[in-house]
Amino acid sequence: MSKPASPRKVGDKEALSVGTQIRGSAQKLNLVAALIRGKKVGDAMNILAFSTKAMAVDARKILASAIANAENNHNLDVDSLVVAEASVGKSITMKRFATRGRGKSTRILKPFSRLRIVVREQEEA
């Protein structure tokens, strides 16, 4: 007696990849995610590869994972994939302290972010 399988979180022609612990703020990651929303995956990979933003490295890894999931797990055609969704959210925040003058200290916040990328197979019109 096992529990029933959970339903798919995305549609039939879609594949998903989630990065849960990306070091950096959600605001900076959202700037990178905005670059690839709605683009073909080949174009999106090139945009992230040549972007000067540091968050683009992690976003590219997650996009590559979503493409691999589409190809290997869901048998989708890689050449017709489009980035259907690239959503960003907050994750944990590490709290650190820095010593200051006169025996005081200051809190340093080191945020982490989540990135959820959904790729969809689009029919050629």
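From the convex hull of the Cα coordinates of the range 15-121, what is the mean projected area in square nanometres?
Values: hull surface 28.6 nm².
Projected area, direction-averaged: 7.2 nm².
Based solely on its DSSP helices, what 222 nm [θ] is calculated for the chain when runs of n ≥ 4 H residues each add -39,500 (n - 2.57) and the sum is averaged over all residues, nearest 500 deg cm²/dmol?
-9500 deg cm²/dmol
Compute the separation of the alpha-carbon centres of the range 2-36 and the range 104-125 and state it in Å as a whole number.
Comparing the Cα centres of the range 2-36 and the range 104-125, I get a distance of 8 Å.
Highest mean first, how do 56-64, 43-51 rank when packing is the count of other Cβ atoms within 10 Å averaged over residues?
56-64, 43-51
Between Ser80, Ser105, Ser113, which gets the highest mean-square fluctuation from a Gaussian network model of the chain, Cα cutoff 10 Å?
Highest fluctuation of the listed residues: Ser105.
Students often check this: by mean Cβ neighbours within 10 Å, which of 95-101, 17-23 ranks highest, and how do the rest follow?
Those peptides, ordered most packed to least, come out 17-23, 95-101.
Suppose all protein chains stay in the model; what accessible area per residue would a 1.4 Å probe give for the chain, in Å²?
I get 67 Å² per residue for this part.
Spin-label point model (7 Å from Cα, Cβ direction): what's the Glu124 to Glu71 distance in nm?
1.8
How much solvent-accessible surface does Asp12 expose, in Å² to the nearest 10, with a 1.4 Å probe and all protein chains in place?
Probe radius 1.4 Å; accessible area of Asp12 about 130 Å².
Magnitude of the Cβ-charge dipole of the range 15-121, K/R +1 and D/E -1, about the Cα centre, nearest 20 debye?
Numbers: 19 positive and 7 negative charges, 271 e Å.
Its charge dipole is roughly 1300 debye.
Do the alpha carbons of any pairs in Lys9/Lys39; Lys3/Lys90; Lys9/Lys95; Lys28/Lys95; Lys39/Lys61 sit beyond 28 Å of each other, and which pairs?
The pairs that break the limit, which is 28 Å between Cα atoms, are Lys3/Lys90; Lys9/Lys95.
The values are calculated or read from the model by the stated rules, or taken from the named source; none is laboratory data. All of these numbers come straight from a predicted model, not from anything done at the bench. Note that each Cβ is placed from the backbone with ideal geometry, even for glycine, and that neighbours are counted across all protein chains shown. Heavy atoms of the whole protein, side chains included, go into the accessibility calculation; ligands, DNA and RNA do not. Shrake-Rupley method; radii C 1.70, N 1.55, O 1.52, S 1.80 Å.
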